[in-house]
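S.K.: To start, I am sharing the structure in question, which I have written as structure tokens.
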Amino acid sequence: MVEAQPLDAPAQWWLEAPAATSGLTQTQAEAALAQYGANRFESRQAKPLLVQFAARFRNPLVLILLVASAVSAMTGDLSNFAIIITMVVLSVAMDFFQEHRAGRAADQLRDSVALRTQVERDGKAQAVAVADVVPGDIVRLSAGDRVPADGVLLDARDFFVNQALLTGESYPVEKRPGIDSAHEAGNAVFMGSTVVSGSARVLVRLTGRRTALGAVAHSILADPPPTAFEIGTQRFGSMIMRLTLLLVLFVLLVNVWLDRPLIDSFLFAVALAVGLTPELLPMVISVTLSRGAMRMATLRVIVKRLPAIQNLGAMDVLCTDKTGTLTEANIRLDHCVDAEHRDTGRVLTLAHLNSRFESGLKSPLDDAVLACGTDDGGWTKVDEVPFDFERRRVSVLLERAGQRCLVVKGAPDDVLKLCSHYEVSGGQARVLLDDATRERLHDDCRALEREGLRVLGVASRDMQSTQSHVVVGDESGMAFAGFAAFIDPPKPGAAEALAALARSGVEVKIVSGDSELVTQHLCALLKLPVRGVLTGSELAQMDETTLRTRAGQTTLFCRVNPAQKNRIVLALKARGHVVGYLGDGVNDAPPLRSADVGITVDSAVDVAREMADLVMLDHDLAVLHEGVLEGRRTFGNVMKYIMMGTSSNFGNMFSMAGASIFLPFLPMLPTQILVNNFLYDLAQITIPTDNVDEAFIQKPHHWDIKLIRRFMFWIGPLSSIYDFLTFYVLLKVFRAGEKEFHTGWFVESLATQTLVIFVIRTFGNPLRSRASVALSVTALGVVLIGAALPFTPLAGVLGFVLLPPLYFVFLAGATLTYLVLVEAVKRRLFGRAMS
């Protein structure tokens with residue numbers, strides 16, 4: 001077993017020659033994992049459940065309640081002490097259980113798409129989770145892989161990596177085994193780098209926080225900025241807390257001014273704060289998002305980050321490549337032609353040699369060429385310049401019988417720029433490439449693209465027999481061989497999926513490295529309206545302000561590189577759009593991270609799966625459309641809790657504050673407020689199971705704090721009006737004493753603030769929109785429990801007494817008319833949303 005570097009290892013550890021090793025055994029790997037820990041920056045080791053439960057009691061309101069209960073105990077009020085403790089423990093336990101279960105389900109879904117890598121253990125290659133890689137492991141890497149740890153190369157073949165995450169340099173760097181005398185770590189790879197081409201075996205030296213990336217993870221791997229959903233919840237919480245503070249201070253000052261008992265006044269104010277605070281909001285959000293993630297798993301979509309579900313529902317722009325999403329990704333070679341419009345076989349031979357010996361991540365075009373099955377003709381590979389998204393081509397240096405030849409394959413325009421001659425007679429002769437011929441070849445390429453064919457240019461050049469290394473500068477003076485044309489038909493169902501997304505308010509924009517002519521032809525087949533086209537060369541000349549303007553007016557972005565893809569996403573976000581990005585390649589990593597919701601497929605390269613928020617097990621826009629609708633259902637259920645917290649609940653607390661001014665006693669005992677609040681919370685824990693109206697999910701929705709505040713200031717006072725009506729009826733009609741008043745208002749406030757969910761839960765007609773069975777049972781059950789409490793043995797403990805039967809007649813009428821008025825106000829406020 002190779003020893004890992006100690007914590008005080010020299011900075012240039014790669015200067016030490018790796019010892020001969022055949023890798024670890026499974027037993028050695030397990031011992032190393034116990035010694036050095038998981039290959040992560042932050043430990044995900046879960047705290048014991050008891051510790052997690054105890055942490056819930058650090059909530060300031062919970063602490064105040066515990067202090068209040070202690071004060072009650074010291075003053076001899078043991079029943080009050082017992083009730084407060086019971087309510088606190090039950091509320092915390094309910095919150096903890098629901099959120100813990102939701103978090104565990106989400107972790108299981110994320111683990112199902114965790115990155116894995118190939119290591120050599122017990123003398124054979126096997127896939128292990130990246131988190132289980134340990135010092136001494138031998139890792140096998142190939143194009144598209146994410147380097148899982150810091151290590152030195154044991155052997156490599158045309159191995160190029162992108163180290164931009166650490167160095168900021170976007171161009172690939174070649175790595176070779178052996179001691180690097182220049183001290184530039186040319187024989188080492190570092191965690192977080194991406195393999196662009198080639199293959200290698202790497203001896204792991206450092207893992208986790210001890211890697212170069214781990215040392216700076218706090219700065220370069222910071223959490224992304226909060227999403228619109230997270231910002232919305234924060235703003236809502238801040239608004240409620242400000243209102244809570246004002247009301248509590250008002251109530252406390254009034255009760256002190258009226259010379260009421262200080263302890264009772266303090267307990268009443270604290271209980272009022274508990275009633276106003278949306279303490280279940282984190283649990284409701286977690287459970288709702290988790291349920292959404294599990295439902296999306298049935299659609300074969302794995303959610304890695306829960307807030308992405310709501311972002312998917314709020315998405316109004318989807319940027320996607322076309323290959324494999326809009327097309328079948330079953331690309332086949334249609335035909336090859338030389339510069340004289342002849343199919344001599346020369347173009348196919350050169351294209352096949354280039355694809356056969358290219359060590360990078362092979363594209364579907366390479367697979368289509370190789371499927372044609374010509375032989376290698378005795379050629380062997382000497383070196384290559386790997387593909388990158390700036391050059392848009394790959395060059396391979398070949399040798400046969402002492403003759404060396406450089407073969408280039410790539411984007412037609414880029415390949416033609418390298419050529420000074422063109423081949424005729426099947427490569428037997430070469431003719432100077434004049435301007436007229438160059439223009440004709442460009443026209444030929446455009447003609448093929450207008451037919452919907454994807455086109456590659458192929459060229460070659462004889463090299464000196466002694467040349468053993470090739471660089472970008474050697475790609476000049478080439479002889480143009482011809483074009484290879486490929487067909488990739490539209491995917492069945494893609495047109496219907498695009499139409500469904502459009503009906504749901506999601507605009508699809510195609511962001512592709514392919515030709516604009518090919519892409520326009522595909523859009524015509526799919527009946528996707530094209531409002532505008534931007535090419536990479538045009539985009540490169542634009543500043544950010546201009547791009548923001550043009551991005552909103554453009555459907556097709558063609559011939560763009562990775563940096564430009566990222567600029568497009570950022571420009572759309574700057575215009576206020578919620579942007580989704582669907583991609584699966586190395587070049588898609590930057591926009592996947594920048595988008596509001598990054599989406600990829602399970603067959604994507606490691607770096608794409610790592611950056612994405614959602615992983616689709618089926619590359620199908622129809623599935624994605626279902627995910628969009630699921631995201632909107634999730635947001636709809638979260639908003640139901642928000643509306644509950646800002647309607648009758650706020651109104652009831654406001655009524656308590658107002659009643660404390662003119663009543664000679666507290667309008668409700670602190671313990672009664674806590675019981676009321678607990679039962680009310682119990683009625684809402686099933687909101688995540690509720691149905692959402694089809695009309696709601698047909699368009700994106702965003703947080704609107706102004707609308708929520710307007711709703712609160714209309715419905716809250718309406719609830720208070722009915723509370724004050726109840727006060728009048730209790731005091732003047734039924735001549736209620738203190739206990740009768742407490743009992744009557746407890747039952748009325750619980751009934752109105754609970755049953756209003758059946759009105760608030762839908763923008764439409766409550767009689768036509770059915771609530772889920774679970775929500776109906778809990779809401780109605782809580783109201784029945786509240787009405788029955790005065791008839792139970794708990795009545796004496798809670799300070800309740802029996803109410804006259806006529807009061808329940810009044811209660812039924814008041815509740816019914818209250819719900820009708822709330823429905824009328826709701827329709828006035830949300831008329832546009834319901835239309």
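The values are calculated or read from the model by the stated rules, or taken from the named source; none is laboratory data. In this text the structure is predicted, and so the values were computed from the model without any measurement. Neighbour counts are summed over all protein chains in view; Cβ atoms, including those assigned to glycine, are modelled from backbone coordinates with ideal geometry. For the accessible areas, the whole protein counts, side chains as well, though only heavy atoms, and no ligand, DNA or RNA atoms are used. Shrake-Rupley method; radii C 1.70, N 1.55, O 1.52, S 1.80 Å.
S.K.: How much of the accessible area of the range 532-599, probe 1.4 Å, is carbon plus sulfur, in whole percent?
M.R.: That fraction is 45 percent.
S.K.: Read phi for every residue in the range 718-726 and hand back ³J(HN,Hα) as whole Hz from Karplus 6.51 cos²θ - 1.76 cosθ + 1.60, θ = phi - 60°, with x for Gly and Pro.
M.R.: Taking θ as phi minus 60°, the curve returns 4, 5, 5, 4, 6, 5, 5, 4, 5 Hz for the range 718-726.
S.K.: While we're looking at this one, here's another question. Quick one: putting +1 on the C-beta of Lys and Arg, -1 on the C-beta of Asp and Glu, what dipole do you get for the range 726-776 around its Cα centre, in Debye to the nearest 20?
M.R.: 220 debye
S.K.: On full extension of the chain, what length is gained from Ala401 through Ala502, given 0.36 nm per residue of separation minus the C-alpha to C-alpha distance?
M.R.: Full extension from Ala401 to Ala502 adds 30.4 nm.
S.K.: Multiply the residue gap between Thr86 and Asn765 by 0.36 nm, knock off their C-alpha separation, and tell me the result in nm, one decimal place.
M.R.: 240.5 nm
S.K.: Pull up all non-local amide H partners of Lys509: gap of 5 or more, or a different chain, and H-to-H distance under 5 Å with H placed in the peptide plane.
M.R.: Leu318, Cys319, Thr320
S.K.: I would also like to ask the following. How large is the dipole of the range 507-570 about the Cα centre if only Lys and Arg carry +1 and Asp and Glu carry -1, each at its Cβ, rounded to the nearest 20 debye?
M.R.: I would put it at about 140 debye.
S.K.: Under 20 Å from the 7 Å Cα→Cβ point of His335, by amide nitrogen: which residues of the range 356-388?
M.R.: So the set is 368-374.
S.K.: Evaluate E = 1/(1 + (r/R0)^6) for Ser238 and Trp714, where r is the Cβ-Cβ distance and R0 equals 25 Å; express this FRET efficiency to the nearest 0.05.
M.R.: The formula returns an efficiency of 0.75 here.
S.K.: Would you please put 419-429, 298-308, 704-714, 138-148 in order of how densely packed they are, using the mean number of other Cβ atoms within 10 angstrom per residue and starting with the highest?
M.R.: The densest-packed peptide leads the list: 138-148, 298-308, 419-429, 704-714.
S.K.: Right, here's the next one. Specify which residue in the list His469, Leu433, Ala447 is farthest towards the positive end of the charge dipole of the range 427-474, using unit charges on the beta carbon of Lys, Arg (+1) and Asp, Glu (-1), about the Cα centre.
M.R.: Checked the options; the winner is His469.
S.K.: Taking a probe of 1.4 Å, how large is the accessible area per residue of the range 291-395, in Å²?
M.R.: 37 Å²
S.K.: Any idea how far apart Glu538 and Ser142 come out in nm if each label point goes 7 Å out from Cα toward Cβ?
M.R.: About 4.0 nm, to one decimal.
S.K.: Measuring with a 1.4 Å probe in the full set of protein chains, what accessible area per residue, in whole Å², belongs to the range 497-565?
M.R.: On a per-residue basis, the range 497-565 sits at 40 Å².
S.K.: What nm value, rounded to one decimal, do you get for the distance between Asp443 and Phe724 when each label is placed 7 Å out toward the C-beta?
M.R.: 8.5 nm
S.K.: On to the next question. Over the range 640-763, what is the relative contact order in percent, taking alpha-carbon pairs closer than 8 angstrom and at least six residues apart?
M.R.: Dividing the mean separation by the residue count of the range 640-763 yields 51 percent.
S.K.: Here is a further query. At a Förster radius of 45 Å, what calculated FRET efficiency corresponds to the Cβ-Cβ distance of Ser468 and Ala127, to the nearest 0.05?
M.R.: Computed FRET efficiency for Ser468 and Ala127: 0.80.
S.K.: Whenever you get a sec, compute what percent of the accessible area on the range 322-383 sits on carbon and sulfur atoms (1.4 Å probe).
M.R.: 46 percent
S.K.: Between Asp602 and Ile263, what length comes free when the chain is fully extended (0.36 nm per residue of separation minus the Cα-Cα distance, one decimal in nm)?
M.R.: Residue separation times 0.36 nm, minus the Cα-Cα distance, leaves 116.0 nm.
S.K.: To the nearest 20 debye, what charge dipole does the range 383-451 have about its Cα centre, counting +1 at the Cβ of each Lys and Arg and -1 at the Cβ of each Asp and Glu?
M.R.: Result for the range 383-451 is approximately 180 debye, rounded to the nearest 20.
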